[in-house]
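Before any comments, here is the structure.
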């Protein structure tokens, strides 16, 4: 009888596993159709000179060779890497704000809602708002004039250095609410008894934060770093399009904006645009693997 019972339980487990897979398979098929198929098609098109209208002609690695010889491609790659500076800034600010909200400072409910507001506004609208705010006759230059710093007023988007600086500020402001909510969620999973024990042991606010709370947010921090870096490489288009359109010249263009530029603005070079997309995918893949390995090593050292 025990053997029969075990057999029945085993068969029941197999049936449950089978039912689970059968319920997941349709979703996997849809995901493959939505995600994998476009990647395969883009990879194939990157070896052609297709302009979106006429027959595709196989040209080998010509698109890639042309890109590597094109200074605008390297400018876009450099800018994409430079704009990663927004990631540590938003992480640090997100953690600080999350800790303050977690400690329920005065008005914490109001500030929690305010910091999340940018996340519910379209990215392209936020880009246009920043373009107006930092325009030559915009509120920012007006504020500088009012406080006696009119000497520093300028057309912020005319200089690539200041334009990239404004874009970084915009990205940090846009993502700060998401980072704050993410870390607040991580803090909510910390057992109150752990913090109470630390407080009983005489730990002050800073000691509780740095020696108890932050070490327990390691997994959340890893997730945030990887996702924020991938987001920076793939979601800059609406901000660049609305604020600078890659200008002056190509000095503020990024890889995702360059894809749009090649495909729809200058010459319908869809093959070249697909080559940039493939390169972007490879860069993101390499960067993600390096980040995960580095974070895993950091955890090992910490242990």
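Observations on the structure shown:
- Qualifying residues in the range 189-214 (those that are in a loop (DSSP other than H, G, I, E, B) and surrounded by 14 or more Cβ atoms within 10 Å (Cβ to Cβ)) - the one modelled with the lowest pLDDT: 203
- Some residue of the range 181-188 being surrounded by 14 or more Cβ atoms within 10 Å (Cβ to Cβ), modelled with pLDDT of 85 or more and out of contact with any helix residue (DSSP H, G or I) (no Cβ under 8 Å at 6 or more places or on another chain): no
- Filter result for residue 235 (closer than 30 Å to residue 133 by Cβ, surrounded by 12 or more Cβ atoms within 10 Å (Cβ to Cβ) and in contact with a helix residue (DSSP H, G or I) (Cβ under 9 Å, 6 or more places away or on another chain)): yes
- Screening residue 253 on (1) at pLDDT 85 or above; (2) touching a helix residue (DSSP H, G or I) at 6+ places or on another chain (Cβ under 7 Å); (3) surrounded by fewer than 22 Cβ atoms within 10 Å (Cβ to Cβ) shows it passes everything except condition (3).
- The residues on offer are 76, 98, and the sole one that is at pLDDT 85 or above, in a helix (DSSP H, G or I) and under 24 Å from residue 248 (Cβ atoms) is 76.
- Residue selected from the range 106-116 under the condition at pLDDT 75 or above and touching a helix residue (DSSP H, G or I) at 6+ places or on another chain (Cβ under 7 Å), by the criterion surrounded by the fewest Cβ atoms within 10 Å (Cβ to Cβ): 116
- Pairs where the first residue, in the range 137-165, is farther than 29 Å from residue 254 by Cβ and the second is assigned to a loop (DSSP other than H, G, I, E, B), C-beta under 8 Å, 6+ apart: 145/153
- Condition check for residue 261: surrounded by 19 or more Cβ atoms within 10 Å (Cβ to Cβ), more than 18 Å from the chain's Cα centre (by Cα) and either part of a helix (DSSP H, G or I) or modelled with pLDDT of 90 or more (or both): yes
The values are calculated or read from the model by the stated rules, or taken from the named source; none is laboratory data. Keep in mind it's a predicted model, so treat the numbers as computed, not measured. Here Cβ is always computed from backbone atoms with ideal geometry, including for glycine, and neighbour counts include all displayed protein chains.
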